[in-house]
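The values are calculated or read from the model by the stated rules, or taken from the named source; none is laboratory data. The shown structure was predicted, so the numbers you read here are calculated from the model rather than taken from an experiment. Backbone-built Cβ (ideal geometry, glycine too); neighbour counts: all protein chains shown. Calculation scope for accessible area: heavy atoms of the full protein, side chains included, ligands and nucleic acids excluded. Shrake-Rupley method; radii C 1.70, N 1.55, O 1.52, S 1.80 Å.
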Amino acid sequence: MIRAIYAGSFDPVTYGHLDIIVRSSRIVDELVVGVLNNRTKSPLFSVEERVRMLEEVTREYSNVKIRSFTGLLVEFAKECGAHIIVRGLRAITDFDYELQMAQTNRIMSPKLDTMFLTTSLEYAYLSSTTVKEVAGFGGDISAFVPPYVQQRMKERMEKQVNG
Ligand code: PNS
């Protein structure tokens, strides 16, 4: 049984994340998507909301499980019984940070390997940060996130404006 972890903030999940989820879930037996519950950052969506959005958009992929985690990714991987961390590489600018993270994780947990997938070209420009920025200015984000996420973003933006 090959189990892998794909971790991130997913604030919110984009088509770029979904591309990596779908492609890596075809390679491994089980993919655990780990949603970081990061208390030092202030995300737009709570961890429960981010988990819910991921559950919704991955519903049709039966070997994909969504969980939240706090603390070190290597500890979460151990807890899940996973030996592979999946990461998406969009461009060369991602590389330094990703290499540093992969090496650090491997030193902390030598049996844990990081597997990189290059993001499909049509999503190589995409990030949750730009999605939030476009949505914040009332722009159309339908090319960037699934309809369910688009709706949640719309509601969140309206709530922020109306209080
Ligand atoms: O959304 P991101 O920025 O792609 O996710 C980064 C994430 C969650 C994978 C990374 O920040 C992480 O693993 N955080 C957990 C804490 C940890 O293990 N830090 C050491 C990594 S070198």
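Once the Cβ-Cβ distance of D29 and K78 is raised to the sixth power relative to R0 = 22 Å, the FRET efficiency obtained is 0.80.
If Lys and Arg each add +1 and Asp and Glu each add -1, what is the summed charge of the other residues whose beta carbon sits under 12 Å from the beta carbon of P12?
+2
Note down the relative contact order for the range 25-127 as a percent, whole number, built from C-alpha pairs under 8 angstrom at least six residues apart. So the answer I get is 25 percent.
At full extension, M1 and N38 could sit 10.4 nm farther apart than now, given 0.36 nm per residue minus the alpha carbon distance. On the beta carbon distance between K65 and M108, with R0 = 22 Å, the FRET formula returns roughly 0.40. The modelled label-to-label distance for the pair T129/Y148, using points 7 Å beyond Cα in the direction of Cβ, is 2.7 nm.
On the accessible surface of the range 3-124, probed at 1.4 Å, how many percent belong to carbon and sulfur atoms? Solvent-exposed carbon and sulfur of the range 3-124 make up 51 percent of the total. For the chain, the solvent-accessible area works out to 56 Å² per residue, with a probe of 1.4 Å and every protein chain left in place.
A helix-only calculation puts the chain at -13000 deg cm²/dmol for mean residue ellipticity at 222 nm, using -39500 (n - 2.57) for each DSSP H run of at least four residues, averaged over all residues. Multiplying the residue separation of D140 and S120 by 0.36 nm and subtracting their alpha-carbon distance yields 5.1 nm.
What Kirkwood radius, in Å to one decimal, follows from the Cα pairs of the chain?
When all Cα pairs of the chain are included, the Kirkwood radius is 16.3 Å.
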